[in-house]
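**Student:** Got a structure for you, written out below as structure tokens; questions coming shortly.
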């Protein structure tokens, strides 16, 4: 039996709490949130034992083995450091931080304290993307030549969120950077980002873009191209295609049902699942199960701090490329492992 | 909080137990099975409070509100009667019995004792079939002219099962008879069944068939045609198509992933989910939630005893048609409601 | 160089004429039609040499090797007989006649005069159905257990046509009967037809139906089920599925394009090609090429008079079954070949 | 009646000749080829009147209204100039030339002599891409944000061809550059090309690549991304997706049939049509019909010399970008029209 606490009961903190509460071999003991009053009714409905606005109660609780950091990004680094010092295993949502330096500092403490750290790249646990990864790893696609990732949100976030998000690359494309690395199995050597503001004028105000096409060149030669939009009116659009010397594998959006309706006017099928909570419902369960499995068997998590670092590094390179309107070849330390 | 007991811890009893154990507002108190020893390790892993080989412990437990009858078919009628007499609400797997008379007797007691009874036609809770039902009910298909149901198992059951199954119509096609009625919203007036033994010689020995095509004529004029096979080598094949005056709706098999692999040799996609446990995983959860919802709000269950009766009636008509090699127009009482 | 004449310049006669006029090795010399004036502008546009209202000009023209009979059904038998007596090879649209006796008489003369006769079952030349046939013949589906054919027209023909059509089975389902035989490779031993009038009240007046579900039992055990409608509001619906011991092959409707449009309201694809002229455009070319190939190399046509006879025999059995509301086991001579 | 001659009886010249020979209102009078002996048997089979190794016979034949230039690229410019001087309308295969200067010179003469010129961007006439274009033009996709074009050949051409091809951008991607312009309806302002040699070492020798990902920035803000490969082992891969403010339209590869085969091992569908002759068979007919239509009604061809110029300009920008490893913003005259 693993005992856990969750810091931050926003949308994603709640998802993890609800998933954990259905597991027989994990005990969710405490959840903390700054606005504890607004969380109490939900938490009681879930049967969560302790609710607090003091995250320290979690970190200093000797019964608790692991902590999920689901609070806002600027709190991640101090919380990771404090949790590591308290000897807790850590699951942290992406990104680790808004700067490479902060991320490096956090990872240093994790390494020193020898706690496990898993980063919240939930898409690796989606059955479709897992299958793509398997088919590539098993060699059925051959050498990877081109990876194409489409990743479009159904609607832009509120202006306040955009302003503190760190920009589209670190906030949204970061998932795609991780996916590209995960599939290709090599590190990115060059990034070229093209972007535009088509949807949300707030992006323009804060120097961000809402539409982007990013080309990645990998050390093993593979080229990946990612297209992002903050607003696909038809729903969450999440697809991957991998083209290689022996073939091509692609995955489409998941649909709520397979229904096809033919009438005099049209032939219609379902729209994609609306957003990440629907599309990645199963992936969130698997993600957190995988974290507990790593703890139980003392294994390296499937998504490491290095994975978080690399995806952030690509995001910063993309940002630099967009500003310079030029490909960017290198950015800080190539890896924290070497 | 509803407290329940389960009689029978075979494959389907376990599915229900595991689903209930994840619900916060239902308490699974006791599970009974004749072979209790073999069930103990699983039950303990699930945290089930009481395990017994005496189903009476469930029926006579005043804390228990409802019972799930998941034991073999020949036990259904006496258990339904006994449970109803004990004032328990009842969920019973299909079929209620092997004869119309037995089924009528069981339903009489249920009616008299005014307990709720839901029959285990799980497919009504599958998202695909629910969508078909909704589209038909909303009038988007217009008047229903033709319903086509494909229902093929991946592999025949063991010889021992075949021998005591009551035959393909009451054991397997019964789900399709219910689906046809559910979609059409009218009662069957005529049945014609054509069948053959292609797969399993045991069927021939016991006068059963393993392949069947059944035509149903409904009171409202609609025609349904069902094709069944005990062995589709590519997996569980479960599809429905409804054709009407305003259009046509169809649903396909659910696939594990949307992956498409193109190579020099072929273009390949996933096979259908293997069998009912995979395909109807979500439907089983919804089915049992729906039962508890009916209890909580004292509503008529979505699948009633009358629904069980009608599907069995069609099954017996199909059997008679196959023997006579002729359409069969009527069979016993048209309804227990009138 | 083969020289041909066409009798009847209605819709289908024109299709054949236009296809032949693009072939370099076939000369379309004469076309006859009762209403020759209305045909002249079209015929001149096609560069057809002779246009006449006397079909005898074709049959007695020594230059002409082969004749295409595209006139109305009641003229088929005398024209076949006269053409055979004149030593012409014959392509005749379906059905040969409205009665088995007339068809037998026509085929007797053809046999005696040793001319080639091909019947217009154009669907055998459709790439999709050809592929199904190939996959079944190559053994990839194993022994055939169940064949499902969906065949629905986009709109009912005019009342006048319905009245003289011979009924849905001989007019429309006959194509499906031929397809079922072609795929299964065995003869039909029993027919059960269920039907209704849902669409066109004229059908009721003349004792016909506009919706039908027909079950065929073949000598080799296979069961086929065909569903027909005179009106599918979404277009021409032509699909086949073959289920066997080793697998299942299915073909869908051809679409004009592969376009998929996702908007806020819906995900829409193309409707099926509207009707037979669009769907079977390529098949009509292949059909007539196949006929000329058989003449050139003195081979048995791909669709013989016996094929015409068998499909008509099934149609008459279906009609008898519908009237008797009972399966019909036999009807006249089982084959003209034996 | 339009009378035409064809210069060059290679693969594509033959395609045009065979298509024209089926048209009733166009007369193919003469075809010229350097290696006339090897062409004679084919030409006779097609019933072509004159065959010659002197292309001047075509240009100086007063009966001939239009000429199709299907010879190798380095001959295009002098032939266009000579044909224009002879007052012939011109259809010329892509590219017009290997250099912007040569292309400009050719177009100058065409302009001066006021003959019609159509460039062989056949894909604009493919039903799928036409539909995409229509849906974008009709506003159903809204403002175009992102265009994605996949264009992969089934196998690399011979080494000799590669060496004289002018490189992948001018030889292969040029079709995609035209398609992107055609869909977006704006001009390209910036090009970034990323490329690699994965398949054919000959490419490396001659400074070419066999795999490329190209990002185009349009004047109206739209971003297009094209991925090319000389070798897709599964066949010719030709897809387009357009994402905009109101939705997304995509087209897939055309398949020979819709057959789906489910077996114990796999679920398999057809591979894409093998290469351009199969995939664009219908498009080639429409392309040349469109050219004759423009001549007959004295209309601007659907693909103009300016279209040829712009696509070549993008190709040269791509080549420059690849060499510089940097986006390229401008290249020569922005348009020949202004």
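**Student:** In the stretch B:253-269, which residue that is surrounded by 20 or more Cβ atoms within 10 Å (Cβ to Cβ) and facing chain A (nearest Cβ under 9 Å) is farthest from the chain's Cα centre (by Cα)?
**Tutor:** My answer is B:262.
**Student:** Can you tell me how many residues within the stretch B:27-42 are under 26 Å from the mean Cα position of the chain (by Cα), within 29 Å of residue A:47 (Cα to Cα) and surrounded by fewer than 22 Cβ atoms within 10 Å (Cβ to Cβ)?
**Tutor:** Qualifying residue count, the stretch B:27-42: 3.
A quick yes/no check of all residues on (1) more than 26 Å from residue B:122 (Cα to Cα); (2) in contact (Cβ under 8 Å) with a residue 60 or more places away in the chain:
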position: B:9; (1), (2): no, yes
position: B:13; (1), (2): no, no
position: B:21; (1), (2): no, no
position: B:33; (1), (2): no, no
position: B:38; (1), (2): yes, no
position: B:43; (1), (2): no, no
position: B:48; (1), (2): no, no
position: B:51; (1), (2): no, no
position: B:66; (1), (2): no, yes
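**Student:** Quick one: residue A:22 ticks every box in (1) more than 27 Å from residue A:105 (Cβ to Cβ); (2) away from every other protein chain (no Cβ under 14 Å) except a single one, so which number is it?
**Tutor:** (2)
**Student:** Next question, about the same structure. Looking at the structure I just gave you, is residue B:309 surrounded by fewer than 17 Cβ atoms within 10 Å (Cβ to Cβ) and away from chain A (no Cβ under 12 Å)?
**Tutor:** Working: surrounded by fewer than 17 Cβ atoms within 10 Å (Cβ to Cβ): no; away from chain A (no Cβ under 12 Å): yes.
When the stated conditions are applied, residue B:309 does not pass them.
**Student:** Could you pull out the residue among D:183, D:170, D:146 that is surrounded by 19 or more Cβ atoms within 10 Å (Cβ to Cβ) and farther than 24 Å from residue D:283 by Cα? Even if it seems obvious, please write down each step before you answer.
**Tutor:** Working: D:183 fails: farther than 24 Å from residue D:283 by Cα; D:170 fails: farther than 24 Å from residue D:283 by Cα.
Criteria check complete, one pass: D:146.
**Student:** Which one of the conditions (1) on the phi < 0 side of the Ramachandran plot; (2) more than 21 Å from the chain's Cα centre (by Cα) does residue B:325 fail to meet, given that it meets all the rest?
**Tutor:** That leaves (1) as the condition not met.
**Student:** Condition test on residue D:237, is it crowded, with 16+ Cβ neighbours inside 10 Å, within 14 Å of chain C (Cβ to nearest Cβ) and out of contact with any helix residue (DSSP H, G or I) (no Cβ under 7 Å at 6 or more places or on another chain)? Walk me through how you get there before you give the answer.
**Tutor:** Numbers: crowded, with 16+ Cβ neighbours inside 10 Å: yes; within 14 Å of chain C (Cβ to nearest Cβ): yes; out of contact with any helix residue (DSSP H, G or I) (no Cβ under 7 Å at 6 or more places or on another chain): yes.
Taking the combined requirement at face value, the residue satisfies it.
**Student:** How do the pairs read when you match residues in the stretch A:98-109 that are surrounded by 17 or more Cβ atoms within 10 Å (Cβ to Cβ) with residues anywhere that are assigned to a loop (DSSP other than H, G, I, E, B), using Cβ under 7 Å and keeping only pairs 6 or more apart or on different chains?
**Tutor:** Within 7 Å, the pairs are A:98/A:166; A:100/A:332; A:103/A:96; A:103/A:97; A:104/A:336; A:106/A:96; A:106/A:97; A:107/A:336.
**Student:** From D:214, D:223, D:199, which residue is surrounded by fewer than 24 Cβ atoms within 10 Å (Cβ to Cβ), in contact (Cβ under 8 Å) with a residue 12 or more places away in the chain and away from chain C (no Cβ under 14 Å)? It would help to see each step written out before you state the result.
**Tutor:** Working: D:214 fails: surrounded by fewer than 24 Cβ atoms within 10 Å (Cβ to Cβ); D:223 fails: surrounded by fewer than 24 Cβ atoms within 10 Å (Cβ to Cβ).
One residue alone meets the criteria, D:199.
**Student:** Which count do you get for residues in the stretch C:110-124 that are buried (at least 22 other Cβ atoms within 10 Å of the Cβ), out of contact with any strand residue (DSSP E or B) (no Cβ under 7 Å at 6 or more places or on another chain) and part of a loop (DSSP other than H, G, I, E, B)?
**Tutor:** 1
**Student:** Would you confirm, using the coordinates I've provided, whether residue C:280 is more than 19 Å from residue C:115 (Cβ to Cβ) and in contact with a helix residue (DSSP H, G or I) (Cβ under 6 Å, 6 or more places away or on another chain)? Before the answer, list the steps.
**Tutor:** Working: more than 19 Å from residue C:115 (Cβ to Cβ): yes; in contact with a helix residue (DSSP H, G or I) (Cβ under 6 Å, 6 or more places away or on another chain): yes.
It is true that residue C:280 is more than 19 Å from residue C:115 (Cβ to Cβ) and in contact with a helix residue (DSSP H, G or I) (Cβ under 6 Å, 6 or more places away or on another chain).
**Student:** Also, I was wondering about something else. Which of the residues spanning the stretch C:182-213 are in a helix (DSSP H, G or I) and over 18 Å from residue C:149 (Cα atoms)? Break it down into steps so the answer makes sense when it comes.
**Tutor:** As a first pass, look at the stretch C:182-213 and keep what is in a helix (DSSP H, G or I): C:182-184, C:201-205.
Result: C:201, C:202, C:203, C:204, C:205.
**Student:** Consider residue D:276 carefully, then state whether it is surrounded by 19 or more Cβ atoms within 10 Å (Cβ to Cβ) and at the interface with chain C (Cβ under 10 Å from one of its Cβ atoms). Write out each step before concluding.
**Tutor:** Working: surrounded by 19 or more Cβ atoms within 10 Å (Cβ to Cβ): yes; at the interface with chain C (Cβ under 10 Å from one of its Cβ atoms): no.
When the stated conditions are applied, residue D:276 does not pass them.
**Student:** For the stretch A:69-80, state whether one or more residues are surrounded by 23 or more Cβ atoms within 10 Å (Cβ to Cβ), within 14 Å of another protein chain (Cβ to nearest Cβ) and touching a helix residue (DSSP H, G or I) at 6+ places or on another chain (Cβ under 7 Å).
**Tutor:** No, there is no match, as no residue in the stretch A:69-80 is surrounded by 23 or more Cβ atoms within 10 Å (Cβ to Cβ), within 14 Å of another protein chain (Cβ to nearest Cβ) and touching a helix residue (DSSP H, G or I) at 6+ places or on another chain (Cβ under 7 Å).
**Student:** Would you confirm whether any residue within the stretch C:292-299 is away from every other protein chain (no Cβ under 12 Å), more than 30 Å from residue A:254 (Cβ to Cβ) and touching a strand residue (DSSP E or B) at 6+ places or on another chain (Cβ under 6 Å)? Steps first, answer last, please.
**Tutor:** Taking the stretch C:292-299 as the starting set, the residues that turn out to be away from every other protein chain (no Cβ under 12 Å) are C:292-299.
Now drop any that are not more than 30 Å from residue A:254 (Cβ to Cβ), which leaves C:292-299.
From what's left, touching a strand residue (DSSP E or B) at 6+ places or on another chain (Cβ under 6 Å): C:292, C:295.
Yes, some residue in the stretch C:292-299 is away from every other protein chain (no Cβ under 12 Å), more than 30 Å from residue A:254 (Cβ to Cβ) and touching a strand residue (DSSP E or B) at 6+ places or on another chain (Cβ under 6 Å).
**Student:** Can you pull out the residues in the stretch D:125-181 that are on the phi < 0 side of the Ramachandran plot, within 10 Å of another protein chain (Cβ to nearest Cβ) and assigned to a loop (DSSP other than H, G, I, E, B)?
**Tutor:** Correct list: D:126, D:140, D:141, D:143, D:154.
**Student:** Identify, from the list C:184, C:188, C:249, the residue that is touching a strand residue (DSSP E or B) at 6+ places or on another chain (Cβ under 7 Å) and within 14 Å of chain D (Cβ to nearest Cβ).
**Tutor:** Values: C:184 fails: within 14 Å of chain D (Cβ to nearest Cβ); C:188 fails: within 14 Å of chain D (Cβ to nearest Cβ).
The unique qualifying residue is C:249.
**Student:** Could you grab me the full set of residues in the stretch D:163-196 that are touching a residue at least 24 places away in the same chain (Cβ under 8 Å) and farther than 21 Å from residue D:308 by Cα?
**Tutor:** If the condition is that a residue be touching a residue at least 24 places away in the same chain (Cβ under 8 Å) and farther than 21 Å from residue D:308 by Cα, then D:163, D:194, D:195 are the ones that fit.
Every read-out reported here was derived from the displayed coordinates using simple, explicitly stated rules and does not represent laboratory data. For clarity, every value in this text was computed on a predicted model and none was experimentally measured. Cβ atoms come from the backbone with ideal geometry, glycine included; neighbour counts cover every protein chain shown.
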